[in-house]
Amino acid sequence: LWRSNGEDGGTFMVKNIYPAGTASNPDNFTLVNGTVYFTANDGTNGIEIWKTDGTEAGTVLVKDINPGTATSSPAFLTNFNNKLYFSAYNPTVGNELWVSDGSALGTIVVKDISANAASTSPQNMKAIGNTLYFGVNRTEGVSLWKTDGTEAGTVQLKLSTSFNQVKTVPTDFTLSSEQIFFIADMDPNGVELWKTNGSKAGTMVVKTIL
């Protein structure tokens, strides 16, 4: 991990996360409340969530979500309501939606959408107002979900009518005139433009163009 103020003299390594000349491959940088979160591999815990305040001492592992050297594959890091939301794999719950306040104890699963170790692979997260929208891909098919950050407030809005895991997961969420538009393949006619007002009844295809 490196940092720079834009000058040669102010460009330096913050921390050698993976010693012995091996790359830790920092990635997925996301700013939350003045703290930069990112993913990295220290050679002991696999690829996990890290955070930094810009100092060597303040660059630390947040939590070893998938214990041991195995990776939890954190992805889609998103700042929502001043906390970090992301997808990650744990052998007990599978790949699900997680939230972190920057502490190990405060890094938890928001909701185990697919029971036990089955995975939903949350992706394409987009914070709009007080709601976080995301797509899910599981054995039942792709679907649109939303969350307010609580387990009870994490609900499904729409499920694909044709159960095919290779279908396009909802993505490209855009707010316009109190409606949220997105792209999805949750219809027998393929990838189309959809919209939602945040309710199940209000989630529908705008037009089947082709």
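The values are calculated or read from the model by the stated rules, or taken from the named source; none is laboratory data. Quick caveat, the model's predicted, so the values are computed rather than measured. As a convention, Cβ positions derive from the backbone with ideal geometry for all residues, glycine included, and neighbour counts pool all protein chains shown. Just the protein is used for accessible areas: all its heavy atoms, side chains included, with ligands, DNA and RNA removed. Shrake-Rupley method; radii C 1.70, N 1.55, O 1.52, S 1.80 Å.
Of the cross-linked pairs Lys111/Lys167; Lys15/Lys146; Lys126/Lys207, those separated by over 30 Å at the C-alpha level are Lys15/Lys146.
Starting from the Cα-Cα distance between Ala70 and Leu175, subtract it from 0.36 nm times their residue separation and give me the gain in nm to one decimal.
Once the chain is fully extended between Ala70 and Leu175, it gains 34.0 nm.
From largest to smallest, the equivalent ellipsoid semi-axes obtained for the range 59-116 from the alpha-carbon gyration tensor read 17, 15, 10 Å. Taking every protein chain into account, the accessible area of the chain amounts to 49 square angstrom per residue (probe 1.4 Å). Once Rg and the Kirkwood radius are both taken over the C-alpha atoms of the chain, their ratio Rg/Rh works out to 1.02.
Convert 25 °C to kelvin, take the viscosity as 0.890 mPa s, use the Kirkwood radius over C-alpha pairs of the range 100-155 as Rh, and evaluate the Stokes-Einstein diffusion coefficient in µm²/s, rounded to a whole number. Using the Kirkwood radius from Cα pairs, D works out to 202 µm²/s. Apolar share of the accessible surface for the chain: 51 percent from carbon plus sulfur atoms, 1.4 Å probe. Between Glu7 and Met204, what is the label-point separation in nm under the 7 Å Cα-to-beta-carbon projection? The answer from the label model is 6.0 nm. Highest mean first, the peptides 114-121, 21-28, 144-151 sorted by other C-beta atoms within 10 Å per residue fall in the order 144-151, 114-121, 21-28. Which log10 I(q)/I(0) values does the range 20-121 give at q = 0.10, 0.15, 0.25 Å⁻¹ under the Debye formula, counting every alpha carbon as one identical point scatterer? Result of the Debye calculation: -0.25, -0.56, -1.44. Over the C-alpha trace of the range 105-208, radius of gyration and Dmax come out as 13.3, 46 angstrom.
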